[in-house]
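Here is the structure we will look at.
The values are calculated or read from the model by the stated rules, or taken from the named source; none is laboratory data. In this text, all values refer to a predicted model and were calculated from it rather than measured experimentally. Virtual Cβ from ideal backbone geometry, glycine too; neighbours counted across all protein chains shown. Surface areas here come from the heavy atoms of the whole protein model, side chains and all, with no ligands, DNA or RNA. Shrake-Rupley method; radii C 1.70, N 1.55, O 1.52, S 1.80 Å.
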Amino acid sequence: MSPTRKTTLLLLFSLTSLSLLPSALPSPTTIGVTYSPPNSTAPGPLPPLDRVAAAVSALKIPSVRLLDPTPRLLRAFLYSNTSLLLSVPNALVPSLAANRSVALSWLYRHVVPFHPRARVSAISVGSNVLDARPNYAGLLVPALRNLQSALRDLGIRDVIVSTTFSFVNVMTTTFPPSAARFQEPFAEAVIKPLLAFLRDTNSSFMVNIYPYNLYRLRCEIPLGFALFQEHPFMYRDDLTTGVRYRNLFDMMVDAVIAAMAVAGHENIPVIVAETGWPNSSPDATEIDANELYSEMYVKGLLGHLRSGQGTPLRKEGVAEAYVYELVDEEANGTTSQAHARNWGILYANFSEKYEVQFSCAGYCGSPEELLIGFVVMLLILVWLIWYVPNSPW
């Protein structure tokens, strides 16, 4: 073989390998944070909202869930390339369900002036409505339909609409995940119609998953199991499905997936709208609410999600996950410091509590996957160098 032909082959091999490797491996979950702007009664001066967007950019956070998406806050994310999940207050659910014009009015204030310069990707109509406002349960799906129709009326087709549930308030059990079901009476009256809506609109099921809360409720759960700590004997087996769980987060996600499958909708994507671990608490009995465990949970979560391993019941894993939260409650002024845990990855002055990496260049696969891919490419390269020159062509 001529040197020119050999060089051409090697060049084609290199380009093909680089283009195929990321697509041959599973895509990692989009990982973001939640943020609530301070209220007007917060002590001290309010932080400039462009400082929030700057902090998100500095941490390379690709997505943010805005729990109170004021127009000023949305304006701070213009041209930032940060994907935004907006939340509609629970109090608006009855109005949205009754009149599409209310949905249009909300969109004209919170979406139309900014989209697509601000990358609004999803809207959650209410958060934990079944617990906070159980009398609104029957209004949820009509509210979602009206908001979805209003988006279509405006020609906006790249924004999904859903609502957010709390895991502990909507699921019957955690283990085994295969036995999990949605709680009645909401399963038939609310969840099933909602799942049909999500299927028809290519939307996602949103749920808040807090292993910390379940760990406190269930004394038999080992701390390391909730904190993504790898130990040889720290696992739980689901005897029905025959799968092994090595962390509490996967168990909770698969409980949701199993319940959706029983309801007849096993392929709907799941978005974890909130998850985290408190780094302080005014309750002296909450000794596990500290910065060390918070750091272990967040870093363990990010490493697990970036590995592309998914969960035992869903290899692609959750579509998105949002760490609660960007800044401590005391900085937000949303609740009294004496009555709230702090969950923020940043202090009140926006300095980091610990170093954390939300995104990485290229594919964030597990070391085993990358090693296998490298070995395969190396073997092909050796074949090209040693076998092809001796072939008759």
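Some observations on this one:
- Top-ranked residue in the range 274-300 [being touching a residue at least 40 places away in the same chain (Cβ under 8 Å) and of a type in the set (Ser, Thr, Tyr); ranked as surrounded by the fewest Cβ atoms within 10 Å (Cβ to Cβ)]: 281
Each row is one residue, and each column tells you yes or no for (1) part of a helix (DSSP H, G or I); (2) modelled with pLDDT under 50; (3) within 22 Å of residue 125 (Cβ to Cβ).
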| position | (1), (2), (3) |
| --- | --- |
| 14 | yes, no, no |
| 20 | yes, yes, no |
| 23 | yes, yes, no |
| 33 | no, no, yes |
| 46 | no, no, no |
| 50 | yes, no, no |
| 53 | yes, no, no |
| 64 | no, no, yes |
| 68 | no, no, yes |
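- Taking first residues from the range 77-100 that are in contact (Cβ under 8 Å) with a residue 12 or more places away in the chain and partners that are assigned to a loop (DSSP other than H, G, I, E, B) and open to solvent by less than 10 Å² (accessible area, probe 1.4 Å), the Cβ contacts under 6 Å between residues at least 6 apart in sequence or on separate chains come to 77/118; 78/118; 86/69.
- Residue match in the range 173-192 (condition: in contact with a helix residue (DSSP H, G or I) (Cβ under 6 Å, 6 or more places away or on another chain), assigned to a loop (DSSP other than H, G, I, E, B), open to solvent by less than 50 Å² (accessible area, probe 1.4 Å) and without any contact (Cβ under 8 Å) to a residue 60 or more places away in the chain): no
- Count of residues meeting criterion [farther than 16 Å from residue 182 by Cα, in a helix (DSSP H, G or I) and open to solvent by 30 Å² or more (accessible area, probe 1.4 Å)] in the range 222-273: 1
- Checking each residue in the range 74-105 for being at pLDDT 95 or above, touching a strand residue (DSSP E or B) at 6+ places or on another chain (Cβ under 7 Å) and either surrounded by fewer than 16 Cβ atoms within 10 Å (Cβ to Cβ) or over 16 Å from residue 206 (Cβ atoms) (or both) picks out 77, 82, 96.
- Scan of the range 193-221 for residues that are among the hydroxyl-bearing types (Ser, Thr, Tyr) and either modelled with pLDDT under 95 or part of a helix (DSSP H, G or I) (or both), ordered by number: 212, 215
- Screening the candidates 287, 345 for the property of being out of contact with any helix residue (DSSP H, G or I) (no Cβ under 8 Å at 6 or more places or on another chain) and either of a type in the set (Val, Ile, Thr) or modelled with pLDDT of 90 or more (or both) yields one hit, 287.
- You will find that of 54, 132, 137, the residue that is free of Cβ contacts under 8 Å to residues at least 12 places away in the same chain and surrounded by fewer than 22 Cβ atoms within 10 Å (Cβ to Cβ) is 54 and no other.
- Hey, residue 163 in contact with a Gly (Cβ under 7 Å, 6 or more places away or on another chain), in contact (Cβ under 8 Å) with a residue 12 or more places away in the chain and open to solvent by less than 30 Å² (accessible area, probe 1.4 Å) or not: yes
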